Amino acid sequence: MSPSRSWSTWAAPDAASAPGRGPIACGVDQPPVPGASQEWQDRTSRPTVTAMHASSASEPAPASGADGPDQITVSVVRPEPGTVVVTVGGEVDMLTSPQLRSVLVEQIGDETVELVVVDMDAVTFLGTSGLAALIEVREAAHAAGVGLRLACTGRRVLRPLSIAGLLPMFDIHDTVKAALAPT
């Protein structure tokens, strides 16, 4: 069993605070939009990553949800030696995908890990940056000789994977239990 690890909350830099710049729209710095409400132009909410927690199977991660916009939850559990289950919830987009990528690459880089299962049933949005992160993680797992399986039945994850033609690239299962089963 490995000891528990917790990560602190992360917030992306606020583009609206940069001199002469407005809020970020579609990943590109934009000047304030003429006719847009002042509330939109003055928006200062920042995306956050919450409840990143790693534990052994005997110490489950605390329950936490991605309640607000632009949030992601990631928990790591080791149900048995050599196996890791990473549960992801919330939005996986350009602001949150780096944290998901980081956690998954860290698990793949652990020499004791033989299989990583990514439970994505609680994901509410999967953007192109999330797809790119999954592809990068798949390549890292392949290079390290680590098995990577996705557990998901949600349209919010399967549809972007399907549209991008990525379904054949991943070993996808309906449940975590099925993903953990020997093949």
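The values are calculated or read from the model by the stated rules, or taken from the named source; none is laboratory data. Being a predicted model, the structure only gives us computed values, none of them experimental. In case anyone asks, the SASA skips ligands and DNA or RNA and just uses the protein heavy atoms, side chains included. Shrake-Rupley method; radii C 1.70, N 1.55, O 1.52, S 1.80 Å.
Report the full-extension gain for the segment Ala143 to Phe170: residue separation times 0.36 nm, less the Cα-Cα distance, to one decimal in nm.
Details: separation 27, 0.36 × 27 = 9.72 nm, distance 1.48 nm.
Taking 0.36 nm per residue and subtracting the Cα distance, the gain is 8.2 nm.
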Leaving out ligands, DNA and RNA, what percent of the accessible area of region 64-141 is carbon and sulfur, probe 1.4 Å? 52 percent
